[in-house]
Amino acid sequence: MRPQTMIRRLGTTVLIGAVLVSGTADAAMTRQNFTVISDPGVELAVREVSDNNLQPGRPPVVLLHGARVPGVASFDLPVEGGSLAADLVRVGHRVFIMDARGYGGSSRDRQDGNEDGQPLVRSDAVVRDIAAVVDVVQARTGASQVALLGWATGGHWVGMYASQKPDEVSHLVIYNSLYGARSGHKTLGPGSDIADPNNPGLFHVEQFGAYRLSTAASLLPSWDRSIPLEDKAAWRDPKVAQAYQAAAVASDPTSASRNPPSFRAPSGAMADSFELASGRKLWDAGSISAHVLVIRSGYDFWSRPEDVTTLAQDLRQAASVRTVTIPQATHFVHLDRPERGRTRFLAEVSRTLARPANVRAVR
């Protein structure tokens with residue numbers, strides 16, 4: 001635990017009742033927002049979600065977003081079926097949702113001017129942010145280890161952190177994430193739309209710049225394309241989709257200054273994802289000692305089956321390893337309807353997080 005890590009409260013404790021999150025038992029669920037100091041001058045926004053139902057032996061859980069949409073919009077929407085954080089609280093965890101630097105309520109160095117420049121916020125910087133948040137979560141909860149769950153690029157980030165700090169992580173969930181298993185990806189690798197047209201083996205820096213802007217409308221097409229039904233509402237609750245769009249746009253205090261409103265996200269995650277999709281491992285899972293769940297959706301457009309199998313092979317020191325593919329599920333399965341994979345996803349995550357932290361599985 002790093003003694004120099006600092007925490008600053010924002011003084012916002014919010015009581016969320018059943019009108020926002022389903023079930024009368026949720027009336028006692030609270031959200032508290034605070035900030036953590038990472039590198040000098042870098043403040044990270046964190047939300048704790050908790051209630052009085054903490055179960056003995058259940059680790060605190062840190063949730064980390066992906067390449068574009070920050071933490072609260074990804075994991076704590078105020079509609080039924082929209083809060084993975086609340087679901088994990090209900091089974092006895094204290095949950096912490098973090099924004100990496102450059103996202104949401106965290107510091108946004110060099111995002112106030114022109115978008116041109118080298119991609120901001122590469123993986124090594126996010127790993128330092130995770131370390132700062134883990135220190136504070138340990139201090140707040142008294143836990144010597146934490147559980148980490150990362151979605152898409154978030155899974156890459158938490159895996160990299162766990163490989164560098166294995167003693168700090170009891171449980172690790174890597175969800176729809178790349179691992180650099182091989183070269184070849186229709187939308188992210190060499191020759192794809194994000195590659196430099198003059199050099200298809202390189203990331204298109206000029207297209208993405210230092211950071212990029214996204215509108216609410218831009219968030220749904222990839223989700224829509226992965227749903228194999230004409231009626232998207234049969235698969236995804238429209239209220240969840242609308243809340244996801246609204247929260248993403250609201251995460252950026254400057255969004256209303258642009259027409260249409262748009263939120264900023266650093267481009268470093270896309271640059272690193274291009275490297276991973278090119279077959280370049282940016283970290284090695286061999287040192288990870290946690291219980292690990294590698295979970296993938298059958299309709300995922302981001303990760304590949306080979307990412308799952310290669311990662312599992314590399315997890316030589318893990319306390320346990322489970323790989324799960326939910327066959328008919330999308331990249332956004334934790335936000336889809338229960339019968340479209342969300343129930344299975346929650347069950348698999350909860351099963352892994354319930355494993356005793358210091359007990360190794362027999363292989």
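May I ask you to say which residue of Ala45, Ala67, Ala73 is part of a strand (DSSP E or B) and either within 18 Å of the chain's Cα centre (by Cα) or modelled with pLDDT of 95 or more (or both)? Reasoning before the result, please.
Working: Ala67 fails: part of a strand (DSSP E or B); Ala73 fails: part of a strand (DSSP E or B).
Just one listed residue meets the conditions, Ala45.
Here are Ser170, Ser107, Ser123: which of them is within 28 Å of Pro305 (Cβ to Cβ), in contact with a Gly (Cβ under 8 Å, 6 or more places away or on another chain) and polar (S, T, N, Q)? So that I can check it myself, show each step before the final result.
Numbers: Ser170 fails: in contact with a Gly (Cβ under 8 Å, 6 or more places away or on another chain); Ser107 fails: within 28 Å of Pro305 (Cβ to Cβ).
That would be Ser123, the only listed residue that is within 28 Å of Pro305 (Cβ to Cβ), in contact with a Gly (Cβ under 8 Å, 6 or more places away or on another chain) and polar (S, T, N, Q).
What number of residues within region 106-121 are farther than 12 Å from Gly268 by Cβ, among the polar types (S, T, N, Q) and open to solvent by 100 Å² or more (accessible area, probe 1.4 Å)?
Here the count works out to 1.
Assess whether Ala318 counts as being assigned to a loop (DSSP other than H, G, I, E, B) and farther than 17 Å from Glu348 by Cα.
On the way: assigned to a loop (DSSP other than H, G, I, E, B): yes; farther than 17 Å from Glu348 by Cα: yes.
In short, yes.
Tell me, please, whether a residue that is more than 24 Å from Ala247 (Cα to Cα), in contact (Cβ under 8 Å) with a residue 12 or more places away in the chain and in contact with a helix residue (DSSP H, G or I) (Cβ under 7 Å, 6 or more places away or on another chain) can be found in region 102-118.
Taking every residue of region 102-118 in turn, at least one turns out to be more than 24 Å from Ala247 (Cα to Cα), in contact (Cβ under 8 Å) with a residue 12 or more places away in the chain and in contact with a helix residue (DSSP H, G or I) (Cβ under 7 Å, 6 or more places away or on another chain).
Out of all the residues in region 286-328, which are under 13 Å from Asn176 (Cα atoms) and β-branched (Val, Ile, Thr)? I'd like the intermediate steps shown before the answer.
Step one: filter region 286-328 for residues under 13 Å from Asn176 (Cα atoms), giving 293-309, 311, 323-327.
Val294, Ile295, Val308, Thr309, Thr323, Val324, Thr325, Ile326 - these are the residues of region 286-328 that are under 13 Å from Asn176 (Cα atoms) and β-branched (Val, Ile, Thr).
The rows are residues; the columns are (1) crowded, with 24+ Cβ neighbours inside 10 Å; (2) touching a Phe, Trp or Tyr at 6+ places or on another chain (Cβ under 9 Å); (3) under 24 Å from Asp51 (Cβ atoms).
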| site | (1), (2), (3) |
| --- | --- |
| Ala143 | no, no, yes |
| Ala147 | yes, no, yes |
| Trp151 | yes, yes, yes |
| Gly155 | yes, yes, no |
| Met160 | no, yes, no |
| Asn176 | yes, yes, no |
| Ser183 | no, no, no |
| Ser192 | no, yes, no |
| Asn198 | no, no, no |
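Kindly list, by first and then second residue, each pair from a residue in region 235-254 that is under 20 Å from Glu339 (Cβ atoms) and open to solvent by less than 60 Å² (accessible area, probe 1.4 Å) to a residue that is in a helix (DSSP H, G or I) and of a type outside the set (A, V, I, L, M), limited to pairs with Cβ atoms under 6 Å and residues at least 6 apart or on different chains.
Hits for this filter: Trp235/Arg340.
Looking at region 255-314, which of its residues are assigned to a strand (DSSP E or B), under 24 Å from Pro59 (Cβ atoms) and among the aliphatic types (A, V, I, L, M)?
Initial filter on region 255-314 (assigned to a strand (DSSP E or B)): 262-266, 278, 291-297.
From the residues that got through so far, the ones that are under 24 Å from Pro59 (Cβ atoms) too are 291-296.
If the condition is that a residue be assigned to a strand (DSSP E or B), under 24 Å from Pro59 (Cβ atoms) and among the aliphatic types (A, V, I, L, M), then Val292, Leu293, Val294, Ile295 are the ones that fit.
Return a yes/no flag: does region 174-183 have any residue that is basic (Lys, Arg) and at pLDDT 95 or above.
In the first step, residues of region 174-183 are kept if they are basic (Lys, Arg); the result is 182.
Now drop any that are not at pLDDT 95 or above, which leaves none.
There is no residue in region 174-183 that is basic (Lys, Arg) and at pLDDT 95 or above.
Is there a residue being β-branched (Val, Ile, Thr), assigned to a helix (DSSP H, G or I) and under 15 Å from the mean Cα position of the chain (by Cα) anywhere in region 155-166?
Looking through region 155-166, at least one residue is β-branched (Val, Ile, Thr), assigned to a helix (DSSP H, G or I) and under 15 Å from the mean Cα position of the chain (by Cα).
Need the failing condition index for Ala131 against (1) open to solvent by less than 10 Å² (accessible area, probe 1.4 Å); (2) under 20 Å from the mean Cα position of the chain (by Cα), just the number.
So Ala131 meets the others, but not (1).
Here is a check on your reading of the model: is Leu172 of a type in the set (A, V, I, L, M), open to solvent by less than 30 Å² (accessible area, probe 1.4 Å), touching a residue at least 24 places away in the same chain (Cβ under 8 Å) and not in a strand (DSSP E or B)?
Numbers: of a type in the set (A, V, I, L, M): yes; open to solvent by less than 30 Å² (accessible area, probe 1.4 Å): yes; touching a residue at least 24 places away in the same chain (Cβ under 8 Å): yes; not in a strand (DSSP E or B): no.
Judged against the criteria, Leu172 is not a match.
Please count how many residues of region 213-234 are of a type outside the set (A, V, I, L, M) and either assigned to a helix (DSSP H, G or I) or crowded, with 19+ Cβ neighbours inside 10 Å (or both).
From region 213-234, those of a type outside the set (A, V, I, L, M) are 214-215, 218, 221-226, 228, 230-232; that's our starting set.
Next cut, either assigned to a helix (DSSP H, G or I) or crowded, with 19+ Cβ neighbours inside 10 Å (or both) only: 218, 221-226, 232.
The qualifying residues number 8.
The values are calculated or read from the model by the stated rules, or taken from the named source; none is laboratory data. Note that this is a predicted model, so its numbers are computed, not measured. Here the Cβ is made from the backbone with ideal geometry for all residues, glycine too, and neighbour counts use every protein chain on show. For accessibility, only protein heavy atoms count, side chains too; no ligands or nucleic acids. Shrake-Rupley method; radii C 1.70, N 1.55, O 1.52, S 1.80 Å.
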